[in-house]
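A.B. asks: Before I ask anything, here is the structure I am working with.
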Amino acid sequence: MTLALELAYWQQLAIKVLAILVIVPTATAIIVQTFLFKMMAHMQSRLGPMEAGPHGTLQLMADGAKFVQKELLAPARADRRVFTLAPVVVLLSTFLLFVVIPAGPGIVAENLDLGIFFALAVSSISVLGVLMAGWASANKYALMGGLRAAGQLIAYELPLVLAVVGVVIQAGDLSLQGIVRAQAEGEIFGFGLIGLPFVLTQFLGFALFLIATQAELTQPPFDMPVAESELVAGFQVEYSGLQFLYFYLGEFGAAFAFSALAATMFLGGWWVPGLDLEGGLLANVVGPVVLFAKTMAVAFVIFWIRFTYPRLREDQLQSFAWKYLIPLSLVNILVTGAFKVIF
Amino acid sequence: MGLIERGKLPKPLSHLLGLSRSYSLWVYQWGLACCAIEMGACFGSPRYDVMRLGVIPFPVSPRQADLVVVSGTVTDKLAPALRRLYEQMPEPKYVISMGSCANSGGPYWDSYSVTKGVDQIIPVDVYVPGCPPRPEALLEGIVMLQQRIRDEDMAERWKGDPIVVG
Amino acid sequence: MSSAEPGAGDDPARRPSLPAEEVTDPTLRAEVDNPADANVPTGAEAAPGGGTSAADAPPLPAAGAPAELSSEQTPPQGQQRGAAGPDQGLADVAGGDAGSPESSGHTGTDPPVPAAPANPPPVQGGATVPEQPPATPRAVAAEGALARQAKAEQADQAAEAAAGAGLGEEPDPGLDQPRRDLVERLGTALDGGVLDVHIVPGVDVWVRVGIDHWHRAFEVCRHHLGLTYFDFLSAIDWLPSPFGRSEDTGTDEDAGADDRAAGPGGPGELEHGVTGGSTRFQLLARLVSPTSHLGLTLKADVDDVELRAPTVSDLYPGADWHERETWEMYGIDFVGHPNLVHLYLPGAFEGHPLRKDFPLLAREVKPWPGLVDVEAMPGEAEAASS
Amino acid sequence: MPELPGLMKGLNVTLRTMLRPAVTTQYPHVKEAPPSRARGVIALKEENCTVCMLCARQCPVWCIYIEGHKTKAPPRRAGGKPRTVQLLDRFDIDYSLCMYCGICVEVCPFDALFWSPEYEYSEPHIADLLHDKDRLGQWMEAVPEPEPLEAGAVAKKK
Amino acid sequence: MSMLTEHQQRAYIGGQAAEARVNLELETDGMTLNIGPQHPATHGTLRIITRLDGEQVISAEPVMGYMHRGYEKLTEVRTYPQINTLINRIDWLSSFANEVPFILAAERLMEIEAPPRAQWIRTIFFELSRIANITLFLGEMGVQLGAITAVFYAFRDREHVLNQIEAATGGRFHPNYDRIGGLKEDLPKGWVAETKSVMAKVRDFCDEMETLVGTNEIFETRTRGIGVIPVEVALGYGLSGANIRASGLDWDLRRDSDTPLAWKEVDWKVWTHPDGDSFARYWVRLQETREATLIVDQLLDGLPAGPIMAKVPRIIKVPPGEAWVATENPLGEMGYYLVSKGDLGPFRVKIRTPSFNNISIVPWVLKGVYVPDVITILASLYFILGDIDR
């Protein structure tokens, strides 16, 4: 963050950490409030929370305060240390994702030049947390939920990464700022005004990325690990109070992070025609708003699918990933590569 | 234990905490008999939509729930399961007994296998009469419970003296 | 894994005597080729599109149903999704059975075809409401109703005659031929096992068999009489209840009709129901033929001392749970039952609740609110109060 | 992946519902009146009751408790001798036990019991569900007028 | 997915059975998983003890009795009007349909025939309770497989039907509207017109359900070919209603048994499906709901005028005798075997409920099935706990 006044390194670090610690919970709160409560309600022709605060806006505040008052229970035979550590690991992976997402020319926690590689690596830490929770709860349902989650997340990491490779080939740069710049400067057959958001050329990649995100977040139609009707909330079954709040936060934080990633890679990130790439006050202010709007659009699609589709069975889910998604993403890479070489 | 110790809290803080507890009652899906369908109508039907009041029917495991609506006939064979479920719920927990079967055995008052009233097994906060009570009656019971939670004194609840029933 | 019941392949040959109009009904034969014809009120739906092959069977006359979709089997969403369902789906299912009369149960050892061939789900265009189901002309339904009225009148007069006589034959033999014939064939098969018969023409038929013929009766019903549908199995305890409804005031005449005072203290005399009986516990079972819709109620007396009866769960798998419930409620032990354990009651429950001498304690303990009577005038003498 | 009309149409349904207004009635603020024949609570018209005990006897769950006594009442006509009439001391209905079947309202020969669609009387203590005589009297105002019958119906002579 | 032919069905069952047998020989000590007694998938308190090998079920043993209230014992200590209000609560979703067979049995013993208007109104309420019952199934089937919005639409459109039932009888769930010899009261003014508009709403609901869940590819891959029940096994276990019509047997008590109710005067059709798998059961019930709305429309048009109560003595004493009456309830064939000895209450009532037989096939059909399919099959068999445990 290149701010005007020179700060010692640790002061910058403190500000960045503080910024992320503030942004992630508020972003999750906004996502949960608008999509999980309000949008789901209106999709089911009802109103959603109305009493808490004007038009139900303080509902999440009440939930948070209540979960703080809850008693922290743990099953007798649970492995206590792993049991308490699991939610933290899941939450950690969500927070780390936000390090690389650029919200403006100057606003990015750390503009790593291996940005997208780092994001995908970090997102697979949550699989560890899920497994730890599943095993430590000493509960049959949790164990089955944990194993299913591990199987599913690993199966869908591959198409996630391969979908991103197409974008990286076209942008020629691994860092997210670079990708945003590539989309801003590219043009479609000479017409350069709106730049070249990769969703136009990488449509297949965008679809694959969305489907893989749906599976990463264990949402229907891929929510076998937390399938209510069979496994009774899967690996979260034994968690109560604050620990459950961490899982809740982790799940929807990851939803926000992944939709932000999708917005950055496919819809042009924080850039909109008229913002100059080098930075300046206007870009640094308008950029985050643009990114937020695009992220909400992508999140809308994710939650829309979540409330409509039934859930795939375990083996159908795996065969769908290995037989359809991965070959498709390989084809996508081939085509992008060929185009890259020709043009 | 939760954050609240046994000591007395300053009035506004305990009122604020009471407000937050009353507006976010996570209710546990525990349907038994016909009252369960009226409870489902109250929770699930867009016409009544209990989520407006902040009562969220999401949690499926007792660990995350703090309200259980006993809706239907509790038989002697089910009583131990109901008791164990009540114990699994984390502490600030509330119970609504819905319908005559849960209140006092209702139409099966003389049956050999029905428990006459759920308050013999778990302490009950609000009794909703009816057989089955309309969804609005359950909503009225929930609104009454939320009122009681708001002006409830947490310290007295933590003292652990058994809640006098009825 | 219990596959379809063994050795049913031979039964069509061994049932020559079932009256012609029952099985090889000429109208059914005619209907085989045009399924949309009259929906025979009593007989089962005719085999749709049977005969040669589904493709050339005349398409259902439902107006507007495109010809080529006539016997396509996919549900009426109309459009074909994914790989088009193999056209021969329906034909193959129905084809196998078109020839033989749709007797009950599956006929040959080839893949068992549903006993009454499926009524084809006629395909309606689009997801809109499938338009009026294929026209079963109102006339036939009306005419079917008239026939039924006639039969009902006959049934009423015969019912008065038959109601009284618990035992013995119907006054006029010509009535209700299918049921009389069913009982006849059961009687010949059990040779002497049938102790008592009661037929209410056009309504129902009861047969009481000896307890040692119980298993044989089920066998005959299933394999030869075609009663393959297991309805239920239970028992009746004929002892009048010593507790009454404990709603006796001793003063009111109507409420206290069967109250404690009037009910006989001990077992006293046991008057039995329709087909009589001698012992206190009586088994009760009902079997139905899914094609001719004739139901048969079987009864058997269980010896009061050893309370034992043979199990029929090997013939009808459904009987497994019914027998567990009857054992739990009455204490009748079923010999040969795979796992005779409690079905409804918790393990530690002693006593058999449905026996008449099992008291409902809540009614004994709680004073009846109706017992309270209006006190006399404060001044008047006690004797004057009612 | 088979072609997607089924999946797409499903999404369309939820989107259409989202855009249409919700059908919720916000209970604590907006209270919808139940149909007039709804069986919410039983109201007692004390003057009609002659303590004939029929309702208490026909009740399947034994939840009506009645006590009465005989008194002399002024004669109907001026010179006549005083009539002995039965007065009601106690008429309790235990709503925690009642199964809302309506047998008592039907069987009462003197039209003392009526149905009212009122439903808001849940209690924190079960003892308060035993409504006594005057509480049942208060429910009387909520009793609606018997509504006209459908065409083609023959009015049942009471 | 192609349609299932007869050979594929047999192959599927054989395969499942063979696999299950192989697992038994390998005899790794399978994990015992206990579904219930409180489980979102079981409609109430049914508990199923399944022995698993990995994700496959080796044996499933339902444990019941958690909702057993002892109906047959209670009927022996009650009079006829008291029993009539009690039996509403056996199958608490199809409220009115429970009363009809009991009242018909009593009327048969007393040889009383309710006037035609009463018979027509009884048939209307019978079909209304069928719609109220099966619309919830259409929503439940979606939510058991993960599509949560389906059940909200079901509850929303079910409210209209419940309003109509309550407007006429007074009780949303337990109308207690039937009497020996007729009905308690006649319909209120404007009821017929309002019901016709509700029927139109229910038809729109059926179309919406079909587009949301019925044609959804994921739903079809989850239900086609799962839990196949051939007709003989279904007959042996005594399955009834949509479960046996989905296996191809064309048998509907409304048309095949001669009930005094008014189905004969109405033009309607029995739907069957040859596959016998979970999708077939869902599909047959969806068509039956549409058929029910068409029946109610025709009944409402032809409703005869006249009294609704035959001449019946005030204190009802049924003459001694025995009678068995069964009707086609929304869940299947429900029947009462009424034994009367001529006093105020019956001597013995055997209540034959459809769900009891429909669930007795669960140990057979769940053998060798994946855990998620256990939920699909249970949801497609569609039972109500009060029906099983009585």
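The values are calculated or read from the model by the stated rules, or taken from the named source; none is laboratory data. Not measured: the values here are computed from a predicted model. Cβ placement follows ideal geometry from the backbone for every residue including glycine, while neighbour counts extend to all protein chains displayed. Heavy atoms of the whole protein, side chains included, go into the accessibility calculation; ligands, DNA and RNA do not. Shrake-Rupley method; radii C 1.70, N 1.55, O 1.52, S 1.80 Å.
A.B. asks: For segment E:143-151, check the following and say yes or no: at least one residue is under 30 Å from residue A:37 (Cα atoms), more than 14 Å from chain A (Cβ to nearest Cβ) and either in contact with a Pro (Cβ under 9 Å, 6 or more places away or on another chain) or open to solvent by 10 Å² or more (accessible area, probe 1.4 Å) (or both).
C.D. replies: No; the residues of segment E:143-151 include none that is under 30 Å from residue A:37 (Cα atoms), more than 14 Å from chain A (Cβ to nearest Cβ) and either in contact with a Pro (Cβ under 9 Å, 6 or more places away or on another chain) or open to solvent by 10 Å² or more (accessible area, probe 1.4 Å) (or both).
A.B. asks: Which one of these does residue E:341 not meet: (1) within 14 Å of chain D (Cβ to nearest Cβ); (2) at pLDDT below 90; (3) open to solvent by 10 Å² or more (accessible area, probe 1.4 Å)?
C.D. replies: Unmet for residue E:341, out of (1) within 14 Å of chain D (Cβ to nearest Cβ); (2) at pLDDT below 90; (3) open to solvent by 10 Å² or more (accessible area, probe 1.4 Å): (1).
A.B. asks: Hey, does segment A:128-142 have a residue that's touching an Asp or Glu at 6+ places or on another chain (Cβ under 8 Å), open to solvent by 20 Å² or more (accessible area, probe 1.4 Å) and assigned to a helix (DSSP H, G or I)?
C.D. replies: yes
A.B. asks: Okay, moving on. Can you find a residue in segment C:289-302 that is within 14 Å of chain D (Cβ to nearest Cβ) and in contact with a helix residue (DSSP H, G or I) (Cβ under 9 Å, 6 or more places away or on another chain)?
C.D. replies: Checked segment C:289-302: no residue is within 14 Å of chain D (Cβ to nearest Cβ) and in contact with a helix residue (DSSP H, G or I) (Cβ under 9 Å, 6 or more places away or on another chain).
A.B. asks: Could you check segment C:178-217 and list, in sequence order, the residues that are among the charged types (D, E, K, R) and either over 23 Å from residue C:313 (Cα atoms) or assigned to a helix (DSSP H, G or I) (or both)?
C.D. replies: C:179, C:180, C:181, C:184, C:185, C:191, C:196, C:204, C:212, C:216, listed by residue number.
A.B. asks: Where residues in segment E:263-312 are buried (at least 20 other Cβ atoms within 10 Å of the Cβ) and small (Gly, Ala, Ser), which of them is nearest to residue E:127 (Cα to Cα)?
C.D. replies: Among them, the one singled out is E:292.
A.B. asks: Got at least one residue in segment B:117-127 being assigned to a helix (DSSP H, G or I), at the interface with another protein chain (Cβ under 9 Å from one of its Cβ atoms) and at pLDDT 90 or above?
C.D. replies: Among the residues of segment B:117-127, not one is assigned to a helix (DSSP H, G or I), at the interface with another protein chain (Cβ under 9 Å from one of its Cβ atoms) and at pLDDT 90 or above, which makes the answer no.
A.B. asks: Would you mind telling me which numbered condition in (1) surrounded by fewer than 24 Cβ atoms within 10 Å (Cβ to Cβ); (2) of a type in the set (A, V, I, L, M, F, W, C); (3) assigned to a strand (DSSP E or B); (4) in contact with an Asp or Glu (Cβ under 7 Å, 6 or more places away or on another chain) residue C:287 fails?
C.D. replies: The number of the failed condition is (1).
A.B. asks: Could you please find all residues in segment E:84-99 being among the hydrophobic types (A, V, I, L, M, F, W, C), within 10 Å of another protein chain (Cβ to nearest Cβ) and either free of Cβ contacts under 8 Å to residues at least 24 places away in the same chain or part of a helix (DSSP H, G or I) (or both)?
C.D. replies: E:86
A.B. asks: Related question: Within segment B:52-87, how many residues turn out to be open to solvent by 10 Å² or more (accessible area, probe 1.4 Å) and in a loop (DSSP other than H, G, I, E, B)?
C.D. replies: 5
A.B. asks: Considering only residues that are assigned to a loop (DSSP other than H, G, I, E, B) and either aromatic (Phe, Trp, Tyr) or modelled with pLDDT under 80 (or both), which ones fall in segment A:169-196?
C.D. replies: If the condition is that a residue be assigned to a loop (DSSP other than H, G, I, E, B) and either aromatic (Phe, Trp, Tyr) or modelled with pLDDT under 80 (or both), then A:186, A:187, A:189, A:190, A:192, A:193, A:194, A:195, A:196 are the ones that fit.
A.B. asks: Which count do you get for residues in segment B:91-116 that are at the interface with another protein chain (Cβ under 7 Å from one of its Cβ atoms), free of Cβ contacts under 8 Å to residues at least 60 places away in the same chain and not acidic (Asp, Glu)?
C.D. replies: Selection size over segment B:91-116: 11.
A.B. asks: Going residue by residue through segment E:346-361, is there one that turns out to be open to solvent by 10 Å² or more (accessible area, probe 1.4 Å) and more than 28 Å from residue E:225 (Cβ to Cβ)?
C.D. replies: Yes, segment E:346-361 has at least one match.
A.B. asks: Restricting the search to segment A:63-79, which residues are open to solvent by 10 Å² or more (accessible area, probe 1.4 Å) and within 19 Å of residue B:17 (Cα to Cα)?
C.D. replies: A:64, A:65, A:68, A:71, A:72
A.B. asks: Still on this structure, I have one more. Being in contact with a Phe, Trp or Tyr (Cβ under 7 Å, 6 or more places away or on another chain) and either more than 10 Å from chain B (Cβ to nearest Cβ) or among the small types (Gly, Ala, Ser) (or both) is the filter here; which residues of segment E:59-75 pass it?
C.D. replies: E:65, E:70
A.B. asks: Continuing with the same structure: Hey, which of the strands (runs of 3 or more DSSP E) in segment D:1-113, taking only ones fully inside, have at least 2 residues that are out of contact with any Phe, Trp or Tyr (no Cβ under 7 Å at 6 or more places or on another chain) and within 27 Å of residue E:174 (Cβ to Cβ)?
C.D. replies: In segment D:1-113, the matching strands (runs of 3 or more DSSP E) lie at D:64-73, D:83-94.
A.B. asks: Another question, if that's okay. Tell me which of these residue E:133 doesn't satisfy, since it passes every other one: (1) under 16 Å from residue E:96 (Cβ atoms); (2) open to solvent by less than 10 Å² (accessible area, probe 1.4 Å); (3) not in a helix (DSSP H, G or I).
C.D. replies: (3)
A.B. asks: Also, quick follow-up: I need the full set of residues from segment E:215-239 which are assigned to a helix (DSSP H, G or I), facing another protein chain (nearest Cβ under 7 Å) and farther than 30 Å from residue C:233 by Cα, in order please.
C.D. replies: E:217, E:218, E:219, E:221, E:222
A.B. asks: For segment C:231-254, check the following and say yes or no: at least one residue is more than 9 Å from chain E (Cβ to nearest Cβ), closer than 17 Å to residue C:300 by Cα and modelled with pLDDT under 90.
C.D. replies: yes
A.B. asks: For segment D:124-132, state whether one or more residues are within 27 Å of residue E:81 (Cα to Cα), open to solvent by 60 Å² or more (accessible area, probe 1.4 Å), out of contact with any His (no Cβ under 7 Å at 6 or more places or on another chain) and within 14 Å of chain E (Cβ to nearest Cβ).
C.D. replies: Among the residues of segment D:124-132, not one is within 27 Å of residue E:81 (Cα to Cα), open to solvent by 60 Å² or more (accessible area, probe 1.4 Å), out of contact with any His (no Cβ under 7 Å at 6 or more places or on another chain) and within 14 Å of chain E (Cβ to nearest Cβ), which makes the answer no.
A.B. asks: Any residue at all in segment E:366-376 that is open to solvent by less than 10 Å² (accessible area, probe 1.4 Å), among the basic types (Lys, Arg) and within 12 Å of chain C (Cβ to nearest Cβ)?
C.D. replies: So far as segment E:366-376 goes, no, none of its residues is open to solvent by less than 10 Å² (accessible area, probe 1.4 Å), among the basic types (Lys, Arg) and within 12 Å of chain C (Cβ to nearest Cβ).
A.B. asks: Kindly evaluate residue E:326 against the criterion of being closer than 28 Å to residue E:82 by Cβ, small (Gly, Ala, Ser) and more than 11 Å from chain C (Cβ to nearest Cβ).
C.D. replies: Criteria not met by residue E:326.
A.B. asks: Of everything in segment A:143-174, what is open to solvent by less than 10 Å² (accessible area, probe 1.4 Å) and under 22 Å from residue A:264 (Cα atoms)? Give them in sequence order.
C.D. replies: A:156, A:159, A:160, A:163, A:164, A:166, A:167
A.B. asks: Can you tell me how many residues within segment C:303-320 are within 14 Å of chain E (Cβ to nearest Cβ) and touching a residue at least 40 places away in the same chain (Cβ under 8 Å)?
C.D. replies: 6
A.B. asks: Let me ask another. Across segment D:133-158, what is the number of residues that are open to solvent by less than 40 Å² (accessible area, probe 1.4 Å) and either among the small types (Gly, Ala, Ser) or free of Cβ contacts under 8 Å to residues at least 40 places away in the same chain (or both)?
C.D. replies: So the count comes out to 5.
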